[in-house]
Each structure stands twice: as structure tokens, then as C-alpha cells.
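The values are calculated or read from the model by the stated rules, or taken from the named source; none is laboratory data. Because the structure is a prediction, the values reported are computed rather than measured. A quick note on method: Cβ atoms are made from the backbone with ideal geometry, for glycine too, and the neighbour counts reach across all protein chains shown.
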């Protein structure tokens, strides 16, 4: 079969590789000048630092098969994401852990003492079924920690009150009563030594794959293929005929400096009067390298316009209702499979993106073998 894939990010690359290895002829289109989507990395010509052009990506997973898969195409070096935050004139470690609690309250709690202190004196135990982000936070850590570390950051990131956001957003964040400051708890964590674009280029390096960059999709492309895999925006496939799904986008204020700018890869800013959400210093994402210069990004979040790069699906009440309408439209389509972060309008970590691409490819191959 001739397979057309729109998007040369992780979803498109992994799907294309699986189908090409199964003997199909695969054409992949991407409107950008590079492969890798928002995972794209490149060397800064001024400093030599490997820059995560669209913001940092740290690979972490408990899926051994996915970990083995990415290690086929790149050498992964050990990396632990240790996030700091500046709030109220001091620097703390995230996620909230025993060190954060002791520093913030000026105490020397042991784990059991800290747990009792948070539950008995800070957490709002009148909240029995948290519905919003704010209710979950107040039940989770109490007002003082919530307002210092979560409220302002969340308002800047999402552009709305935490009372309007679902509790599920906060449920993903851990609260630790030990000194573990590793942001993720997965078994496998690391960074590709030569960057994500080199890894994804390796996935695309197959004689059965024909890659076209700087090429926008038109319906005429699909007419020449037996099946289309769409990893672009779901509403974009339909020409946004029902309206545009809501996203947050990011603006980056890039600057270079000498030496070490902030001493860590990620510094959050929880105070509402600081306009940026965080500063990332990219050479710290490759601690095995040494560079005299440094590249930093100040990161600002705002509503996504028609010409902006979509980053985070909003998925509030209006967006979920519109999503349901688009899903109904998608279910009537034949000869097309929607996948990935944009194609399914979900926030997906890299490992989940790869897992779903592998599973989708396997399901397609099994179905096509049966003539489905």
C-alpha cells in the first residue's frame, strides 16, 4: 500500500517506520523545514549548546519496550529532571518535598512529622471531593503552599483562574515526604546524546520512507495514497468548519550569556507579578557536555492564535464539547487515521506518543491483513 503521513514528529516517524518495515511505501509530509515537530533540537552556532528549540523535552517512561525502541535510534545518557522555583524571594525545589516543606515553614520535620503537619494544620479537610484545581490544591497542600508554588504559576500557564481548571491537572503532581527532588518517578529517564532531531531522523532513515519537508498538505496528496495518517491538528483536518479547538501557545525570549546563568536546567517563577512562567538553561539538559557560553529561554504562555504553534490543549467545557463534535465527524471518515497530540487533542508525553504510534501501526497492519 501507499501510505501518506502528515507530520514528521514522533507520531508520524514511528508510524512511518513501522509501516515501512512491514513493506508498505510511506510518504511523510511536514510543513516545517525540519523533522521532529516540537521535539526539534539543534546546536547553537554561537555557543555549541544543544537547544530544545520549542522548549525542553525530557524522556521518561516505565514502558520497557518504548525505552528499548528509542535506544535503537539514539544513545541515551542518564538525566534527572530537578526543577527549582523562585517564589517570594527564595529558591525552593520542586516537586514539593520534605526539603521544600522544611525550608518554607522554617522547620526540621521528619517525614512522619511533615505528613501530619500538612494534613492536620494546612490541608483543608472540609473539601471531600475536589472538583477544581484550586480545591484539589487546598485539600492537597493547604493555602500557603498553594499560593506560593501553584496559584500564580497556573494562572500564567493557563490564562484563567485555577477555579476553572479540573482537579485532574494537579493530581499528576507528586507531594513527597522525603528529600527526593527527581521530578519524575519513572524507571527509565534520559536524554538522547545527539538530540531528539537526530533520533527522529534515524527513525525516518528507511528506504521505504520518502520524507518531504517544507511541504504543506493539500487534499490532492491524499487522493494519491491508499491510507492517510493525520497527526496535525484535528480541527485543521476539517478546515476548522466547526470552530477552532483551544490551545495555549508559548513565546520564548532567547538570550545568551557567559558561564552558568542560573545553575539549573529549569527555574519556575511562581509569583504572579513575574510575567514569565520559567527560565530554561539548555546546556544543563546535557550535563555530560562543557560549554563556556550558555543559551536560556524565558517562557511566556498565552492563548494560541490561528498562526501560532499549538502546545497545550485547553480541554475545558467548551473545548470538550467542540472536541466531541469533531470526533463525531472523524468517525464518519474513511481511509484516515488520527493520531498524536494534535490529531487526538490530548496532552501526551513522548513515551505515550510512541506507544500509541506503535499500537496504532500494529492495529492497522493486523486490520489490513484481514482486508479491513
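Table for the structure above
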read-out	value
Filter result for residue 213 (closer than 25 Å to residue 350 by Cβ and either buried (at least 20 other Cβ atoms within 10 Å of the Cβ) or free of Cβ contacts under 8 Å to residues at least 24 places away in the same chain (or both))	no
Those residues of the range 182-201 which are at pLDDT 95 or above and buried (at least 18 other Cβ atoms within 10 Å of the Cβ), in sequence order	188, 189, 190, 191, 192, 195, 196, 197, 198, 199, 200, 201
Test for residue 179: is it part of a loop (DSSP other than H, G, I, E, B), outside the structural domain of residue 114 (by TED's automatic domain parsing) and either surrounded by 15 or more Cβ atoms within 10 Å (Cβ to Cβ) or under 18 Å from the mean Cα position of the chain (by Cα) (or both)	no
Lone qualifier among 51, 14 - being farther than 30 Å from residue 337 by Cα, touching a helix residue (DSSP H, G or I) at 6+ places or on another chain (Cβ under 7 Å) and in the same structural domain as residue 193 (by TED's automatic domain parsing)	51
Enumerated helices (runs of 4 or more DSSP H) restricted to the range 272-372, each holding at least 3 residues that are surrounded by 21 or more Cβ atoms within 10 Å (Cβ to Cβ)	340-344, 350-369
Residue 295 in contact with a helix residue (DSSP H, G or I) (Cβ under 7 Å, 6 or more places away or on another chain), closer than 21 Å to residue 37 by Cα and modelled with pLDDT of 95 or more	yes
Some residue of the range 284-298 being more than 30 Å from residue 21 (Cα to Cα), touching a residue at least 60 places away in the same chain (Cβ under 8 Å) and assigned by TED's automatic domain parsing to the domain that holds residue 61	no
Filter result (out of contact with any strand residue (DSSP E or B) (no Cβ under 9 Å at 6 or more places or on another chain) and buried (at least 17 other Cβ atoms within 10 Å of the Cβ)) within the range 244-271	none
Among (1) within 30 Å of residue 44 (Cβ to Cβ); (2) out of contact with any strand residue (DSSP E or B) (no Cβ under 8 Å at 6 or more places or on another chain); (3) not in a helix (DSSP H, G or I) - the single one residue 201 does not satisfy	(3)
Inter-residue pairs, beta-carbon under 6 Å, first closer than 13 Å to residue 117 by Cα and assigned by TED's automatic domain parsing to the domain that holds residue 141 and in the range 95-107, second modelled with pLDDT of 95 or more and part of a helix (DSSP H, G or I), 6+ apart	98/114; 101/114
Helices (runs of 4 or more DSSP H) contained entirely in the range 96-172, each with at least 1 residues that are out of contact with any helix residue (DSSP H, G or I) (no Cβ under 8 Å at 6 or more places or on another chain) and surrounded by 14 or more Cβ atoms within 10 Å (Cβ to Cβ)	98-105, 111-117, 133-140, 152-158
Near pairs, Cβ below 6 angstrom, 6+ apart or cross-chain, from the range 138-149 (at positive phi) to any residue that is in a helix (DSSP H, G or I)	142/122
All positions within the range 238-268 that are over 30 Å from residue 307 (Cβ atoms) and in a strand (DSSP E or B)	257, 258
